[in-house]
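A.B. asks: Here you go, one structure.
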Amino acid sequence: MQPVKPVKKREVYDVVSNTVIIFFAILNLFPLYWLFTSSLKNSSDVIKMPPDWWPKSFTFANYNEVFQNQPALRWTFNSLYVAGLSTVLVVVSSAMAAYAFSKLRFKGRNVIFIMFVSSMMVPKEVMIVPLFRLTQQLGLVNSLYGMIWPNVAIAFGVFLLKGFFDSAPDALREAARIDGAGEVRTFLQVILPIVKPGIGALFILNFVQVWNDYLWQLVVGQEKNSKTLMVGIATLMQDLNPNFAYKMAGATVAAIPMLLIFILFQQYFTRGISIGAVKE
């Protein structure tokens, strides 16, 4: 008989660490579980003490009320349109600006980049009054484009993508120029595919930021049909006699697109935030 090999300390450490990680992962998922299950209860069951960890009876009446008594489909379309178009424009503008700051040589490049990045220290709440007046003068109040354009040019996207463009070898750009490729073709076909992880990370981060941009969307979307989903669902919280299950259903509807976006882009997001962590 072969002697039993002793359990290595490394294996014990892996088991313990994985157990701890799984525990905290489940713990972080619990609010989503409670949100979803509460949306399938009656209002009295949501605030019941001790609570029912699993609904005794399921009902979809709360979702029916959200979509029948409120223009929830319109709010959902508004949010998807605003967040989606804003994010696409941010990715395009940030990628071009980051490429210019990273690969092109022009006078005052570093100074302009520092000034540009310094704007991230100015909170949006400070600019909201002059920004609203400008939006009002342009006739974009109660318009989805009034929510989109102020979110297009952001310094964070340029700052994030510049690091990815800096990691792209200059030799590739020089080889493309030798082969006769112009600046636009070099950018689109040579350098841009290398920074896909960064673009995926920026897409998720910016989409979530615009989706949750409650204050600006509240200021601009004053009419009921021009509200976004986050603002519309927040109006459900202002009732004097609240139906908590009804509100849980609205919050669940608002959370689903975020989960889908993360699932679709999680591989790019994971690669984007971990790039450079391992030295090759």
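The values are calculated or read from the model by the stated rules, or taken from the named source; none is laboratory data. Just so you know, these numbers come straight off a predicted model, no measurement behind them. Here the Cβ positions follow ideal geometry from the backbone for every residue, glycine too, while neighbour counts run over all protein chains shown. In case anyone asks, the SASA skips ligands and DNA or RNA and just uses the protein heavy atoms, side chains included. Shrake-Rupley method; radii C 1.70, N 1.55, O 1.52, S 1.80 Å.
A.B. asks: Hey, quick one: spin label on Asp166, modelled 7 Å out along Cα-Cβ, who in segment 77-99 has an amide N within reach, i.e. under 19 Å?
C.D. replies: 94-99
A.B. asks: Sorting Val122, Val190 by accessible area (1.4 Å probe), largest first, what list results?
C.D. replies: On the way: Val122 70, Val190 45 Å².
Result, largest first: Val122, Val190.
A.B. asks: Express the carbon and sulfur contribution to the solvent-accessible surface of the chain as a percent, rounded to the nearest whole number, probe 1.4 angstrom.
C.D. replies: Carbon with sulfur: 67 percent of the solvent-accessible area.
A.B. asks: At 7 Å along Cα-to-Cβ for each site, give me the label-to-label distance between Tyr13 and Leu80 in nm.
C.D. replies: 4.7
A.B. asks: Heavy atoms of the protein only, probe of 1.4 Å, neighbouring chains included. What is the accessible area of Tyr63 in Å², nearest 10?
C.D. replies: My reading of the accessible area for Tyr63 is about 40 Å².
A.B. asks: Segment 19-87: percent of C-alpha pairs farther apart than 15 Å? Don't jump to the answer; show the numbers that get you there.
C.D. replies: Working: 1592 of 2346 pairs.
The proportion of pairs with Cα distances above 15 Å equals 68 percent.
A.B. asks: If you don't mind, another one. Trp54 accessible area, nearest 10 Å², 1.4 Å probe?
C.D. replies: Surface open to solvent at Trp54 totals about 150 Å².
A.B. asks: Let me have the relative contact order for segment 31-169, percent, based on Cα pairs under 8 Å that are six or more residues apart. Don't skip to the answer; put the middle values down first.
C.D. replies: Details: 81 pairs, mean separation 43.0, N = 139.
With pairs under 8 Å counted, the relative contact order is 31 percent.
A.B. asks: Evaluate 2.2 N^0.38 Å with N set to the residue count of segment 1-118, then give the Cα radius of gyration divided by it. The partial results should precede the final answer.
C.D. replies: On the way: Rg = 26.7 Å, N = 118, 2.2 N^0.38 = 13.5 Å.
So segment 1-118 has a normalised radius of gyration of 1.98.
A.B. asks: Also, quick follow-up: Give the whole-number value, in cubic angstrom per residue, of the convex hull volume spanned by the C-alpha atoms of the chain. Numbers along the way, then the final one.
C.D. replies: Details: hull volume 67.3 nm³, N = 280.
Convex hull volume per residue, Cα atoms: 240 Å³.
A.B. asks: Same structure again: In nm, to one decimal, how far is the modelled label at Tyr145 from the one at Ala61, with both set 7 Å along Cα→Cβ?
C.D. replies: Reported label-point gap for Tyr145 and Ala61 is 4.5 nm.
A.B. asks: Oh, and also: Sequence gap at least 6, Cα distance under 8 Å: using those rules, report the relative contact order of segment 119-250 to the nearest whole percent. Please report the intermediate quantities before stating the final value.
C.D. replies: Details: 69 pairs, mean separation 38.8, N = 132.
In percent, rounded to a whole number, it is 29.
A.B. asks: By Kyte-Doolittle mean hydropathy of at least 1.0 and Cα axial length of at least 18 Å, which whole DSSP H helices of the chain are selected? All intermediate terms of the calculation are to be shown ahead of the outcome.
C.D. replies: Working: long enough: 9-38 (43 Å, 0.93); 72-103 (45 Å, 1.04); 124-137 (19 Å, 0.29); 155-167 (19 Å, 1.22); 196-211 (22 Å, 1.14); 244-274 (40 Å, 1.13).
Qualifying helices: 72-103, 155-167, 196-211, 244-274.
A.B. asks: With the Cα gyration tensor of segment 194-261 in hand, convert its eigenvalues to equivalent ellipsoid semi-axes via √(5λ) and list them largest first in whole Å.
C.D. replies: Details: eigenvalues 162, 46, 11 Å².
Equivalent-ellipsoid dimensions as semi-axes: 28, 15, 7 Å.
A.B. asks: With every protein chain left in place, what is the accessible area of Arg74 in Å² (1.4 Å probe, nearest 10)?
C.D. replies: Roll a 1.4 Å probe over it and Arg74 shows about 110 Å².
A.B. asks: What is the spin-label model distance, in nm, from Arg109 to Met127 if the labels are put 7 Å beyond Cα along the C-beta direction?
C.D. replies: Reported label-point gap for Arg109 and Met127 is 2.5 nm.
A.B. asks: What share of Cα pairs, in percent, lie more than 19 angstrom apart in segment 73-166? Present the calculation step by step, with values, prior to reporting the outcome.
C.D. replies: On the way: 2258 of 4371 pairs.
Here the tail beyond 19 Å accounts for 52 percent of pairs.
A.B. asks: When every alpha-carbon pair in segment 131-201 is counted, what percent end up more than 20 Å apart?
C.D. replies: The proportion of pairs with Cα distances above 20 Å equals 51 percent.
A.B. asks: Determine the per residue accessible area of the chain with all protein chains present and a 1.4 angstrom probe, expressed in square angstrom. Could you put the intermediate results ahead of the total?
C.D. replies: Details: 17480 Å² over 280 residues.
Normalised by residue count, the accessible surface of the chain is 62 Å².
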